[in-house]
Amino acid sequence: MSGKVYLVGAGPGDPELLTLRALKLLGLADTIVCDRLVGPSVLQYANPQAQFHDVGKIPGCRQHQQDEINQLLLTLARSRQRIVRLKGGDPFIFGRGGEELLFLVQHGIEVEVVPGITAATGCAAAVGIPLTHRGVAASVRFITGHLRDSDGLELDWRSLVDPTCTLVFYMAVSNAATIVEALIAHGRPADTPAALIHAGTMAEQDCAVVTLQEVPGMIDVFAPPTLLVIGEVVRLYSSPAKRALEQAGPTVPHSFNPPLSCPTELA
Ligand code: SAH
């Protein structure tokens with residue numbers, strides 16, 4: 001009998017955005033294999049007895065290649081443990097969760113996927129930008145600004161110029177100038193509003209609203225993790241609704257604690 005691997009989404013940073021399932025699994029884990037994007041405030045809810053593996057990949061560094069991570073998960077699972085593979089946001093949105101799932105299943109390991117709030121929805125909510133809005137944006141695209149190796153960005157740019165589609169670029173800091181240049185060249189107006197959101201939902205959260213053509217000039221100020229949102233919905237950022245959201249503050253006090261009667265067994 002092997003162990004089981006739980007591919008768990010840790011959400012965008014604020015631990016109050018964890019799912020109940022993620023919270024439960026963190027408390028019951030024998031081993032946690034953790035990504036760089038998972039904040040310490042989430043890890044405070046982890047079983048203090050759990051073995052901890054930090055496999056964070058720093059951009060540009062060959063720190064822990066995916067093959068090594070896959071092997072580690074397999075080895076741990078074969079030693080019959082309850083392994084929580086904790087990933088920032090959602091494991092299936094630019095999280096390589098699919099690759100880990102396929103690898104483990106091919107090796108006969110049982111896997112469960114626990115979704116998390118992805119950076120796009122978490123950050124948009126935190127700053128008050130609705131990603132879709134009736135009469136403004138009828139669709140939204142989640143796009144990677146970083147592709148494998150140095151192949152460059154092979155995006156279908158013509159499909160990204162629809163003014164009623166909001167674009168959300170993940171991992172866009174290093175390719176921001178290329179992205180903006182291509183979007184404008186293919187017909188997205190240079191004065192389309194854009195938001196740069198750094199560390200959304202975390203204490204260090206920062207947001208700047210500029211025009212599309214101004215993004216490259218601003219990007220250096222924004223260290224990762226930063227999300228780039230492009231589209232007419234960004235204009236709603238300065239709306240009265242946004243101000244009301246700021247004044248209201250968090251709906252749950254930040255002293256929130258997980259349920260005292262944490263379950264000791266999994267359903
Ligand atoms: N699986 C994750 C995404 C991993 S890719 C998810 O679903 O959110 C990493 C990229 O996500 C970062 O480069 C950044 O663009 C974005 N990101 C993740 N968390 C973020 C946060 N709290 N604030 C801003 N951007 C974030």
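The values are calculated or read from the model by the stated rules, or taken from the named source; none is laboratory data. Bear in mind that the values here come from a model prediction, so they are computed numbers and not experimental data. With ideal geometry, Cβ positions are generated from the backbone for all residues, glycine too; neighbour counts draw on all protein chains shown. Each accessible area value is taken on the protein alone, full model and side chains, heavy atoms only, with ligands, DNA and RNA left out. Shrake-Rupley method; radii C 1.70, N 1.55, O 1.52, S 1.80 Å.
What number of residues within the range 130-145 satisfy the criterion of being in a strand (DSSP E or B), under 21 Å from VAL180 (Cα atoms) and more than 13 Å from the ligand (Cβ to nearest atom)?
4
In the set LEU23, LEU102, only one residue is under 18 Å from the mean Cα position of the chain (by Cα), assigned to a helix (DSSP H, G or I) and modelled with pLDDT of 95 or more; that residue is LEU23. Selection of first residues in the range 167-189 that are in contact (Cβ under 8 Å) with a residue 60 or more places away in the chain and open to solvent by 40 Å² or more (accessible area, probe 1.4 Å) and of second residues that are within 15 Å of the ligand (Cβ to nearest atom) and not small (Gly, Ala, Ser), restricted to Cβ pairs under 8 Å at least 6 apart or on distinct chains, gives the following pairs, ordered by first then second residue: MET171/PRO59; MET171/PHE94; MET171/THR144; MET171/HIS146; MET171/PRO224; SER174/PRO59; SER174/HIS146. Residue count for the range 197-227, restricted to those that are near the ligand (Cβ under 9 Å from one of its atoms) and open to solvent by 60 Å² or more (accessible area, probe 1.4 Å): 2.
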